[in-house]
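None of the figures in this text is laboratory data; all of them are computed from the coordinates on show. Keep in mind it's a predicted model, so treat the numbers as computed, not measured. Because the Cβ atoms are built from the backbone with ideal geometry, glycine has one as well, and the counts that use them run over all protein chains shown.
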Ligand SMILES: [Zn+2]
């Protein structure tokens, strides 16, 4: 499971749809048209569900660059 995200066709920014789904469920609704509010353009974009992608499930954050380094 992950969050379905889209890429804004105008700005290229990632838009979080807030919908939790997985690749298998997404595959069933690829041709579905979805209207999504884009906070970047501050308007609705009409997209296909198949244009979105499932964001990877929670992954551990990368090591902090501020962590002390021991030689
Ligand atoms: Zn947009």
- request: Please enumerate the residues belonging to the stretch 37-59 that are over 12 Å from the mean Cα position of the chain (by Cα), more than 9 Å from the ligand (Cβ to nearest atom) and either surrounded by 15 or more Cβ atoms within 10 Å (Cβ to Cβ) or assigned to a loop (DSSP other than H, G, I, E, B) (or both).
  value: 47, 58, 59
statement: Conditions (1) within 17 Å of the chain's Cα centre (by Cα); (2) part of a loop (DSSP other than H, G, I, E, B); (3) touching a residue at least 12 places away in the same chain (Cβ under 8 Å) -> residue 34 fails only (2)
task: Would you be able to say whether some residue in the stretch 10-23 is within 13 Å of the ligand (Cβ to nearest atom), over 12 Å from the mean Cα position of the chain (by Cα) and in contact (Cβ under 8 Å) with a residue 12 or more places away in the chain?
output: yes
